[in-house]
Amino acid sequence: MRLTHLFFLLYFFSLFSCKQSKLELTKIEGKQIQITDSLPADSEIEAYIKPFRDNIQKDLDSVLAYSADTYSKSDGDFNTAIGNFMADAVYNEANPIFKSRTGKDIDMVLLNHGGIRSILSKGNITKRTAFELMPFENSIVVVALKGNQVNNLTQYLSRKRRAHPISKLKLVINKDYDIVEAKIKGKAIEPDKVYYVATNDYLYNGGDSMTFFKTNDSLYVLNYKIRNALIDNFKKADTISPVIDDRFIQIK
């Protein structure tokens, strides 16, 4: 039914209802219409949105960089190349913003393994790549934590035994998963020192059971999505070639 027909009927019934003042509503009925590919497309609507859709597709397919290989979050036990890239990208893009607003530097980054939603395929990297890696609207926040709270963070990582992306944190565990070394930017963690930890709003709110973020001294909201940080980082690079390194390892 065309919109003009619908407006006419609504106008007609409104006039009719005004003259029949004694009419009362006694029952409302409805039915569920499943929205599937079987529903016919409206040609007028399709023609109207086509220029917008084409422009979005063109923007998503614009090449930003090149990936030297294919990287997956399952490539390593405690750190992965793709996780290292994402954590480092968040640090490199968010730290100048944080410093310009506070005069302080981010000390470390912690993201979540489950937040990596796609592989990074060998070949051209586009904006679409960033949306595939991070389809969620998660934003970067910086949390001020005391050293003893950071120790809770490192204990969490040692217990979970997953390759949660980290940057500027060095963590070594033994065969029993006990921490034998924990450093931020090459220095031992001091219990009473305040550290500025960049993460995402999902984890700050307790996602993946990361409850240690909630007992913080202060929170800084950057209004900067992780996906946008990845896109900005891609734009600055010619070739992406991250590696698995020693930032989180287990010694036997």
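The values are calculated or read from the model by the stated rules, or taken from the named source; none is laboratory data. Predicted model only: the values in this text are computed from it and were never measured. Cβ sites come from the backbone with ideal geometry, for glycine too, and all protein chains shown count toward neighbours.
Is it fair to say residue 125 is within 14 Å of the chain's Cα centre (by Cα) and over 23 Å from residue 246 (Cα atoms)? No; evaluated as a whole, the condition is false for this residue. Taking the range 136-159 as the range and being touching a residue at least 24 places away in the same chain (Cβ under 8 Å) and either among the charged types (D, E, K, R) or more than 13 Å from residue 203 (Cβ to Cβ) (or both) as the test, the residues that pass are 137, 144, 146, 147, 148, 149, 150, 151, 152, 154, 155. Residues of the range 193-227 that are polar (S, T, N, Q) and without any contact (Cβ under 8 Å) to a residue 60 or more places away in the chain: 205, 209, 211. Listed conditions (1) part of a helix (DSSP H, G or I); (2) under 30 Å from residue 57 (Cβ atoms); (3) of a type in the set (A, V, I, L, M, F, W, C) are all met by residue 150, apart from (2).
Yes or no: the range 42-64 includes at least one residue that is in contact with an Asp or Glu (Cβ under 8 Å, 6 or more places away or on another chain) and of a type in the set (Gly, Ala, Ser).
No, every residue in the range 42-64 fails to be in contact with an Asp or Glu (Cβ under 8 Å, 6 or more places away or on another chain) and of a type in the set (Gly, Ala, Ser).
Look at the range 107-130: where a residue is farther than 28 Å from residue 184 by Cβ and among the hydroxyl-bearing types (Ser, Thr, Tyr) and a partner is in a loop (DSSP other than H, G, I, E, B) and at pLDDT below 95, sitting 6+ places away or on another chain with Cβ atoms under 8 Å, you get 126/61; 126/62. Scanning the range 113-127 for residues that are loosely packed, with under 15 Cβ neighbours inside 10 Å and in a helix (DSSP H, G or I) yields a count of 1.
Taken over the range 157-192, the criterion of being of a type in the set (A, V, I, L, M), assigned to a strand (DSSP E or B) and farther than 26 Å from residue 117 by Cα is satisfied by 172, 173, 179, 180, 182, 184, 188. The residues of the range 163-192 that are without any contact (Cβ under 8 Å) to a residue 40 or more places away in the chain and either of a type in the set (Phe, Trp, Tyr) or surrounded by 13 or more Cβ atoms within 10 Å (Cβ to Cβ) (or both), listed by number, are 179, 181, 182, 183.
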